Amino acid sequence: MKATMKSVRIHSFGGPDVLQFEDAPVPKAGKNEMFVRVYAAGVNPVDWKIRQRLLGQGPLPQRVIDYRSTKFEDVVHDVDVVLDTIGGDTQERSWNVLKRGGILVSIVQPPAQEKAASHSVRGVFLISKARGDQLARIADLVVSGQVKVIVEKKLPLREARQAQELSQSGHAHGKIVLVTDAHGD
Ligand SMILES: NC(=O)c1ccc[n+]([C@@H]2O[C@H](COP(=O)([O-])OP(=O)(O)OC[C@H]3O[C@@H](n4cnc5c(N)ncnc54)[C@H](OP(=O)(O)O)[C@@H]3O)[C@@H](O)[C@H]2O)c1
């Protein structure tokens, strides 16, 4: 096995220019660890949020609201569940669309418990964990065609900067995927 591999790394926090496409030592699997060859990897907002050191819509059945022209809180009321994938002001405006006893589930930031209480609703933060058995079930759903993965853009690993910029635009309409050179287009 070669001693080095191509890698995209950061050596300091900052903008997309801190991403370095470079040679890095091939990691060694420790006890109870596995060495996995990566063919392709998804780019997620968490990637540029970490890079920038930042870490630390309501369900509308049968109705689509264009958030650029309509405020959802003006037209939606008394819903059971809000799934918040945006956070900030959008989460703030979500409290008023819930009915009493409803629930706001955010995957972006923990909802303020005092706000939830003042609206007589619950607010929870959901964070996904990669569990082998669940991933296997998802893989089955993909293979059987019940879940379709929409890919916005596929880029070679060396274009990681462009991939994170696209993610950071907040307007990707599918997964952004980085593929290693040997397997890219
Ligand atoms: N907790 C967890 O386990 C977990 C897991 C995955 C992701 N996340 C987080 O969830 C968030 C969303 O992830 P993602 O991968 O879907 O992000 P994303 O790729 O940045 O989402 C882009 C989508 O959001 C829409 N959008 C942007 N601003 C909006 C607004 N103000 N109102 C309504 N829609 C808006 C865009 O629509 P247009 O382009 O049409 O404007 C686009 O369809 C991120 O913050 C990510 O870090 C959390």
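All of the numbers you see were taken from the coordinates with simple rules; none came from a lab. On a predicted model such as this, the values are computed, not experimentally measured, just so you know. Backbone-built Cβ (ideal geometry, glycine too); neighbour counts: all protein chains shown.
Listing for the model above:
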{"read-out": "Integer Hz, Karplus 6.51/-1.76/1.60 couplings in order for the stretch 93-101, x for Gly and Pro", "value": "6, 7, 4, 6, 8, 7, 7, 4, x"}
{"read-out": "Inter-centroid distance (Cα atoms) of the stretch 61-96 relative to the stretch 8-23, Å", "value": "36"}
{"read-out": "Value at 222 nm in deg cm²/dmol, rounded to 500, when DSSP H runs of n ≥ 4 in the chain each add -39,500 (n - 2.57)", "value": "-6500 deg cm²/dmol"}
{"read-out": "13 Å Cα-Cα reach of Lys2 towards aspartates and glutamates, excluding residues that sit fewer than 8 places from it in its own chain", "value": "Asp23"}
{"read-out": "Convex hull of Cα atoms in the stretch 72-125, direction-averaged projection (nm²)", "value": "3.0"}
{"read-out": "Added length on full extension, which subtracts the Cα-Cα distance from 0.36 nm per residue, Val143 to Gln113", "value": "6.8 nm"}
{"read-out": "All lysines inside 19 Å of Lys175 as judged from Cα atoms, apart from same-chain residues fewer than 8 positions distant", "value": "Lys49, Lys129, Lys148, Lys153, Lys154"}
{"read-out": "Estimated FRET transfer efficiency (Thr180, Ile103; beta-carbon r; R0 41 Å; 0.05)", "value": "0.50"}
{"read-out": "Fraction of antiparallel bridges per DSSP, the chain only, in percent to nearest 5", "value": "45"}
{"read-out": "P(r) of the chain over all Cα-Cα pairs, binned every 5 Å from zero, in whole percent", "value": "1, 6, 11, 14, 15, 16, 14, 10, 6, 4, 2, 0, 0"}
{"read-out": "Other-chain or far-sequence residues with amide H under 5 Å of Gly42's (modelled H)", "value": "Leu178"}
{"read-out": "Separation in nanometres of the label points that stand 7 Å from Cα toward Cβ, at Glu22 and Asp133", "value": "4.2"}
